[in-house]
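Asks: First the structure, which I've put down as structure tokens, then a few questions once you've had a look.
The values are calculated or read from the model by the stated rules, or taken from the named source; none is laboratory data. Keep in mind that this is a model prediction, so the values were computed, not measured. A quick note on method: Cβ atoms are made from the backbone with ideal geometry, for glycine too, and the neighbour counts reach across all protein chains shown.
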Ligand code: NAD
Ligand code: IPM
Ligand code: MN
């Protein structure tokens, strides 16, 4: 133990709407315990986004929230949206898109590992999903999400646009990750129909040839990919794709692991703070009932520690605790369990304590 003052990290919390506040609270409680154990000073500040921000200020992303996020060490977000704001002048989702853009978060990483103890929770056959270990690299600040939109009474358009540099940067990030993993990238597009996809395929092919020739690259069309992901998900390592295809395929992939409530994500840019959030939405059907699975957000907090704060051991211990809790059968209702959000969070916190007790005990034995 050193007597140095603990390092301070400024973490912005954006609880948002629906189950957002419940799952954000869970991840915050877990981070606070990690801070105590490892001697870090995590300073949390909460800000408005989404529907909650519209209700308070009229804006889905108030300027104070944007400023706090860009000045932080990392941002943890719950979810935005809900029926309450349907048909309103401003949409909660605008706030999420605007903060991703403002922070320059062009790469959204969505990892999925199916553990042997959870394989039977998937509606798919155990022998298909067992051992799945993949990561989606979803481009996050381009494509149809950010193209010009037009609307008249009887006509609407959404422009899908990509530039070469936008494709290059997320492609490099995906290949670099493939190098640390099993060395395979599957790039997903719709090059038989879309011009943006033909450019995408061209750029990915060139970056591969010039910079990552040792990595295996395959191209897949998004429609058949949706089928292959259900038929043979173990074959995939890194899946690289544009914004909307990544959004859709990652929800599909979540079924392999048993519940969308399990999946975390990290949104990263060229430097600066990252934003971390579960892949699920505000789940209005279960909001405010202590029913939401907090694991996706707790694992997002682990990604926050690893990617933004560079606290690898701390991230590992959250992931080990979650794995231990799930292996012990302590689960929320979406996985067939009986625990509420708060009890599941307490189970993870107890597991972190147990892991630390065991580690301290081992050190003592070693010294003796
Ligand atoms: P959703 O992900 O909110 O819910 C889909 C289904 O999954 C629901 O049945 C829900 O109960 C269940 N579910 C989701 N998270 C869960 C969890 N943690 N534990 C247990 N079950 C969970 O998707 P939706 O219903 O299509 O969208 C609802 C709202 O959320 C919409 O307004 C949408 O725009 C928004 N949304 C926000 C985000 C985000 O903030 N990142 C992501 C997706 C959707
Ligand atoms: C997600 C969500 C968002 C998206 C919505 C809420 C804007 O579905 O984070 O996956 O489409 O990116
Ligand atoms: Mn989505």
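Asks: Based on what the data block shows, is residue 268 more than 10 Å from ligand 1 (Cβ to nearest atom), more than 26 Å from residue 197 (Cβ to Cβ) and not assigned by TED's automatic domain parsing to the domain that holds residue 170?
Replies: Taking the combined requirement at face value, the residue does not satisfy it.
Asks: Let me ask something else. Whether any residue in segment 131-152 is modelled with pLDDT under 95, more than 24 Å from the chain's Cα centre (by Cα) and in the same structural domain as residue 252 (by TED's automatic domain parsing) is what I want to check.
Replies: Looking through segment 131-152, none of the residues is modelled with pLDDT under 95, more than 24 Å from the chain's Cα centre (by Cα) and in the same structural domain as residue 252 (by TED's automatic domain parsing).
Asks: A further question follows. Please pick out the residue among 264, 233 that is within 24 Å of residue 139 (Cα to Cα) and within 16 Å of ligand 3 (Cβ to nearest atom).
Replies: It is 264.
Asks: Oh, and also: Among the residues that make up segment 219-226, is at least one of them within 14 Å of ligand 3 (Cβ to nearest atom), closer than 24 Å to residue 165 by Cβ and either without any contact (Cβ under 8 Å) to a residue 24 or more places away in the chain or assigned by TED's automatic domain parsing to the domain that holds residue 141 (or both)?
Replies: No, every residue in segment 219-226 fails to be within 14 Å of ligand 3 (Cβ to nearest atom), closer than 24 Å to residue 165 by Cβ and either without any contact (Cβ under 8 Å) to a residue 24 or more places away in the chain or assigned by TED's automatic domain parsing to the domain that holds residue 141 (or both).
Asks: If you go through segment 87-134, how many residues are closer than 25 Å to residue 238 by Cβ and within 16 Å of ligand 3 (Cβ to nearest atom)?
Replies: 10
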